[in-house]
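The values are calculated or read from the model by the stated rules, or taken from the named source; none is laboratory data. The shown structure was predicted, so the numbers you read here are calculated from the model rather than taken from an experiment. Note that each Cβ is placed from the backbone with ideal geometry, even for glycine, and that neighbours are counted across all protein chains shown. Side chains included, ligands, DNA and RNA excluded: accessible areas come from the protein's heavy atoms. Shrake-Rupley method; radii C 1.70, N 1.55, O 1.52, S 1.80 Å.
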Amino acid sequence: MNNHSQLQSSSQLFAQSLALTLTLYSGLALSSEHSDPEAVQPDEPLPKIYATQFQTETWGLGIGVRRGDIPFAVEDDEVYDVLPLIKYRNDYFFINGMEAGVHFWKNDEHQVNLYTRFRFVDIPQELQNESQSQAFDFGLQYRFLQDAWEFDVAFMSDSNKRSYGYTRTQYHWEYGNWYLNPYAEFHWKSADFNQHYYGLDQYEASGGIEFNAGIKTRYHLYSNLYLLGKFGVGRIDDETVNLPTMDTQYQFESFLGFGFFPDFSNKSTKNKATKSESRAPNSSDSEFIRLAHGWATPSNLNAIFSWQTQTDPYNNQFTSVFYGTRLTETLFNFPIELYFTPGLVWHHDSQVQSNLAEGVIAIKAFYTFEFGPRWRLGVAEGLSYVSSVTYIEGSELEEKGYKPSKLLNYLDFSLDVNMGDLFNNRAMDKMWMGYSIHHRSGIYEKSSAFGRIGGGSNYQTLYLQWHF
């Protein structure tokens with residue numbers, strides 16, 4: 001199994017970069033429809049292709065733990081991952097957990113998508129940082145939707161052109177607080193795909209067909225809070241499982257977590273949610289542009305929050321621009337606004353690094369309060385991908401003995417003040433000035449999707465945010 005640690009991380013970098021970039025740029029196109037089978041008004045008919053609330057809702061944010069069986073001939077039998085999940089869609093693209101796509105063409109029932117999907121490689125945890133063989137692979141998808149049924153087929157490839165494909169059938173069903181999503185899919189894998197990911201480039205392998213089936217479930221707990229679950233089983237083809245590297249033919253996986261989604265739990269909140277969440281993109285203040293400039297710090301979040309921040313001796317800096325579109329004005333019936341917010345970050349060259357780019361997608365919450373002028377607290381969760389690892393991040397990971405990952409979890413913490421209130425000028429009422437912390441990390445070694453690293457980077461920024 002030591003040879004698995006020699007798998008190259010290049011198999012994930014190109015696909016991750018392209019997938020995140022497509023999602024980022026597509027985020028500038030908006031969706032103005034948030035509907036539900038029971039919540040819509042008579043003059044707002046539900047699209048005929050949708051049969052459940054899950055299909056009609058356009059946003060969500062969750063996190064949970066995935067457990068996967070290890071099929072290789074090693075001592076460990078299972079591996080665990082912490083996975084953050086984002087759901088967002090509009091007329092141009094969609095993100096749904098570990099998959100995303102940009103529509104080349106679509107109508108009410110058919111779609112052709114530029115598509116990406118995360119491919120898990122379940123190996124022992126201690127090998128995952130060096131291997132980093134999991135990836136967002138890239139390809140084309142055809143999708144057919146008919147009421148509660150959904151059928152799709154995709155042709156995929158990793159960045160080294162190891163090809164595979166799949167076809168999937170799934171059904172959406174809701175009753176009361178329950179949502180169930182049974183699915184079944186076949187994977188067609190090429191010989192070079194099996195030889196690399198199962199034969200570990202030591203043993204010749206032929207192409208094969210893998211079968212996967214399972215059920216995803218969601219239970220509404222309270223208001224915007226939902227419990228998430230999944231159980232699935234996969235069967236590896238006979239020839240592949242007979243490779244000397246393999247130990248078992250069946251792989252079981254499960255997931256348990258929680259998430260935040262639109263609340264349609266009763267008549268009053270349904271009508272309220274429909275009214276507040278279906279605001280058109282040109283509604284007042286429903287969008288924003290944020291311009292920021294940031295300075296790197298070697299301090300961790302605890303030190304920053306304790307006002308014990310150290311200065312980066314090389315003065316590494318970046319400039320960023322973020323766009324935001326409002327998802328809802330309320331969360332748990334509190335005046336907490338949620339925005340979908342993609343961003344581009346340009347890291348300036350310095351004595352120790354060259355210019356490099358960063359792309360971000362996130363969902364951010366704002367809570368407004370008055371203390372003299374209006375103030376807002378903000379927190380965002382999402383994904384960040386860099387074209388090259390920054391010095392402030394790479395030096396910390398090298399010191400800890402980690403191989404860096406270009407894809408990491410993203411957090412943003414902010415405090416801003418309304419400039420119209422601050423200067424008693426109504427012409428500046430839509431402008432906010434603030435401070436934020438731009439944070440990338442691997443979630444304390446808990447996620448192989450982020451290279452199973454502990455650590456990351458922090459930047460302190462000053463920004464102007466204009467709503468329109």
Give me the one-decimal nm value for the distance between modelled label points at D285 and H348, 7 Å along each residue's Cα-to-Cβ direction. 3.3
Hey, what do the phi angles of the range 382-390 turn into as Karplus ³J(HN,Hα) couplings, whole Hz, using 6.51/-1.76/1.60 and θ = phi - 60°, x for Gly and Pro? x, 10, 9, 10, 10, 5, 8, 5, 5
Starting from the eigenvalues of the Cα gyration tensor, five times each then square-rooted, give me the equivalent ellipsoid semi-axes of the chain, largest first, whole Å. 37, 31, 18
Compute the FRET efficiency between W149 and D91 as 1/(1 + (r/R0)^6), taking r as their Cβ-Cβ distance and R0 = 22 Å, and round to the nearest 0.05. 0.55
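What Kirkwood hydrodynamic radius, in Å, does the range 283-361 give when the mean of 1/r is taken over all pairs of distinct Cα atoms and then inverted?
That comes to 15.0 Å for the range 283-361.
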List the aspartates and glutamates whose Cα sits under 16 Å from the Cα of K161, skipping any in the same chain fewer than 8 residues away. D137, D192, D201
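What is the gain in length, in nm to one decimal, between T169 and S206 on full extension, counting 0.36 nm per residue of separation less the C-alpha to C-alpha distance?
Length gained, T169 through S206: 10.7 nm.
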The computed P(r) of the range 318-468 puts the percent of Cα pairs beyond 21 Å at 49
Rank these by accessible area, largest first, 1.4 Å probe: W375, W432. W375, W432
Compute, for V386, the solvent-accessible surface of its heavy atoms (probe 1.4 Å) with the complete set of protein chains present, and express it in square angstrom to the nearest 10. 0
Gained length - L140 relative to F334, 0.36 nm times residue gap less alpha-carbon distance: 65.7 nm
Calculated FRET value between Y219 and R67, using beta carbons and R₀ = 25 Å, to 0.05: 0.85
For T311 and D76, what does the FRET efficiency come to when R0 = 51 Å and r is the distance between their Cβ atoms, rounded to the nearest 0.05? 0.75
Helix-derived mean residue ellipticity, 222 nm - over the chain, DSSP H n ≥ 4, -39500 (n - 2.57), to 500: -4000 deg cm²/dmol
The answer for chymotrypsin sites (Phe, Trp or Tyr not before Pro) in the range 79-128 that fall in a DSSP coil and have at most 16 neighbouring Cβ atoms within 10 Å is Y92
